[in-house]
Amino acid sequence: MRYIVLSVFFMFIAVGCDDHVEKVDVSSSWNSIMTKLEKSESALTTINPMNRGVVVKTANQIEKYASELYLNHINELDTVSLEYVLECLAKSAEIQSNYNAAIDFFNEAQALNPSSEKAPAYLHNVARIHDHVLGNKELAKSSYERLINLYPDHPLSKNATIYLENIFDKSEEDLLKMINENNS
């Protein structure tokens, strides 16, 4: 008898509680965050870059939405969506002067989807940050070479090849001499 009473009691609790549980559509929750991310990222392209405060505020919004997707919904995202999230994290990190994080996110985006049409640009951004922002010529050179080796026919690789052969690591004096020789 006791077993029956307990069984009925637990069934009552289970059924009664089920009516009060709010059911959340998980896909719509990450979709709504993705929509907010896309709007913020799109807005970034319309902002005057000289208005640094608005640029950073928008980058912070992008980071908020992209981080939410990356940390809490990563398993629900397809490859293209996750690549986009990583790209947004990289861009926002670079705007916020968090260059090592930007490099990591660009590398992760490229590794996630190496056949993506944007993959060469991710590697180019890694090389550019090492070269022109952080001033690490050794890592810049290896990053340019990685771009060239992985995507030899891409226009960014061809530009990187010309850059490494003719301009990279040259002094201003050497560059001026080269320009003068070409103009003679």
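Please treat every number below as a calculation from the coordinates, not as lab data. In this text, all values refer to a predicted model and were calculated from it rather than measured experimentally. Here Cβ is always computed from backbone atoms with ideal geometry, including for glycine, and neighbour counts include all displayed protein chains.
Placing a label point 7 Å from the Cα of ILE47 along the Cα-to-Cβ direction, the residues of segment 54-68 whose backbone N falls under 16 Å from that point are 54-67.
How big is D for segment 31-161, in µm² s⁻¹ as a whole number, if Stokes-Einstein is applied with the Kirkwood radius of its Cα pairs at 20 °C and 1.002 mPa s?
The calculation lands on 141 µm²/s.
For segment 29-98, the spread of Cα positions along the three principal axes, ordered from largest to smallest, is 37, 22, 17 Å.
Measuring nothing but alpha carbons in segment 117-171 and taking Rh as the Kirkwood radius, the Rg to Rh ratio lands at 0.94. Label positions at TYR163 and LYS137, each projected 7 Å from the Cα along the C-beta direction, are separated by 1.6 nm. Using the Karplus relation 6.51 cos²θ - 1.76 cosθ + 1.60 with θ = phi - 60°, the per-residue 3J(HN,Hα) values for segment 83-92 come to 4, 4, 4, 5, 4, 5, 4, 5, 4, 5 Hz, with x marking Gly and Pro.
Report the net charge of residues surrounding ASN60, where surrounding means a beta-carbon distance below 14 angstrom and charges are Lys +1, Arg +1, Asp -1, Glu -1. Net charge around ASN60: +1. A DSSP coil position with no more than 12 other Cβ atoms inside 10 Å describes the following trypsin sites (Lys or Arg not before Pro) in segment 123-184: LYS170.
Could you tell me which of the pairs LYS64/LYS137; LYS118/LYS158; LYS39/LYS158; LYS118/LYS170; LYS36/LYS57 are separated by over 23 angstrom between their Cα atoms in the structure shown? Violating the 23 Å Cα-Cα cut-off are LYS64/LYS137; LYS39/LYS158; LYS118/LYS170. Using bins of 10 Å that start at zero, the share of Cα-Cα pairs per bin across segment 96-142 amounts to 30, 53, 17, in whole %.
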